Amino acid sequence: MKKITDNVYVESQISVCNSSIVITKDGVVVIDTPMVPENAKKWAKQAAEFGPIRYVINTEPHGDHISGNCYFGGTLIAHEGTRDAILASKVDDIKGMLQMMSPGTPLDKDFRYRAPDITLSERLTFYLGKHSFHLINMPGHSPFQVAVYVPEERIVFTSDNISRGLGFFHQALPDKWLKALKELKKLDVDYVVPGHGEVGDKSVFQEMEDVVNIWINTVKEAIAKGMTLEEIQKTLTMTKEFPNLPRDERTKGIITMNLASIYKYYKK
Ligand SMILES: [Zn+2]
């Protein structure tokens with residue numbers, strides 16, 4: 001757990017994505033929940049030491065942001081598309097993800113998918129203590145991304161629209177993603193909490209825009225040359241474009257997935 005401002009803590013170690021808490025005079029707001037049940041329970045307990053958990057926000061529909069929901073109290077808020085995704089989730093989904101991360105981990109007997117109590121389509125603002133929470137749908141990494149802007153702390157929680165490193169495109173709308181980053185740049189903030197990776201300042205927006213542009217331009221050029229998806233996945237290793245990334249199987253898998261998703265998006 002890392003203290004970012006007087007009232008904001010971010011947990012990156014035991015959560016797969018970043019899970020954050022904002023402490024207000026009237027209770028705690030949790031943003032995204034850890035995927036591994038044991039870690040979700042631990043984080044829920046730590047969060048509750050700062051006050052009653054009043055609201056939990058999911059910034060997107062993916063398993064690493066929503067699976068710990070059932071271990072937290074409070075009212076759960078997310079985009080309506082995230083609610084649909086959670087309702088469609090099967091226990092085998094989390095079993096598969098846990099198996100991939102740490103083989104042999106049994107699923108906790110109390111686990112269940114918890115769906116949002118309140119949904120938004122474009123915007124929702126709520127007030128707690130002296131804080132205001134501005135939830136804004138910014139399609140990009142998925143159609144259902146929600147940025148959580150808390151002006152009193154000069155902070156924005158961006159969801160995976162900011163993900164330090166490669167970015168994940170499996171459900172992405174690349175053009176809208178660029179638009180989302182332009183919108184994020186307009187916010188008056190000092191702290192940017194990404195979906196994955198270190199907390200940064202506003203320079204993180206440009207860093208991500210560069211990454212998204214590299215992906216879009218690389219795939220568009222390949223399509224213009226008449227390459228098939230198979231050829232693209234075979235020849236484009238992205239080592240030149242992202243020289244500092246680890247070259248492990250996981251990274252290779254993300255590259256193959258990103259190329260396929262962006263290819264399908266532009267090859268219409
Ligand atoms: Zn995601």
So LYS268 clears everything in (1) closer than 21 Å to GLY140 by Cα; (2) at pLDDT 95 or above except one condition, right? Which one?
-> (2)
Count - residues of region 54-68 that are away from the ligand (no atom under 14 Å from the Cβ) and either in a loop (DSSP other than H, G, I, E, B) or surrounded by fewer than 22 Cβ atoms within 10 Å (Cβ to Cβ) (or both) = 2
Out of ILE77, ILE86, sole residue that is in contact with a strand residue (DSSP E or B) (Cβ under 7 Å, 6 or more places away or on another chain) and in contact (Cβ under 8 Å) with a residue 24 or more places away in the chain | ILE77
Give LYS176, LYS130, LYS185 a once-over and let me know the one that is over 20 Å from TYR71 (Cβ atoms), open to solvent by 60 Å² or more (accessible area, probe 1.4 Å) and touching a residue at least 60 places away in the same chain (Cβ under 8 Å).
-> LYS130
Given (1) away from the ligand (no atom under 16 Å from the Cβ); (2) touching a Gly at 6+ places or on another chain (Cβ under 6 Å); (3) not basic (Lys, Arg), index of the condition PHE126 fails | (2)
Answer yes or no as to whether ASP84 is over 16 Å from the mean Cα position of the chain (by Cα) and not hydroxyl-bearing (Ser, Thr, Tyr).
-> yes
Scan region 155-186 residue by residue and report those that are at pLDDT below 95 and more than 12 Å from the ligand (Cβ to nearest atom).
-> ARG164, GLY165, LEU166
Is there a residue being assigned to a helix (DSSP H, G or I), open to solvent by less than 60 Å² (accessible area, probe 1.4 Å) and in contact (Cβ under 8 Å) with a residue 40 or more places away in the chain anywhere in region 237-246?
-> no
Selection from region 73-115 of residues under 22 Å from VAL22 (Cα atoms) and surrounded by fewer than 22 Cβ atoms within 10 Å (Cβ to Cβ) yields GLY73, GLY74, THR75, ARG114, ALA115
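The values are calculated or read from the model by the stated rules, or taken from the named source; none is laboratory data. Given the structure is predicted, the values throughout are model-derived calculations rather than measurements. FYI the Cβ positions are ideal-geometry reconstructions off the backbone, even for glycines, and counts take in every protein chain you see. Only protein heavy atoms, including side chains, enter the accessible area calculation; ligands, DNA and RNA are left aside. Shrake-Rupley method; radii C 1.70, N 1.55, O 1.52, S 1.80 Å.
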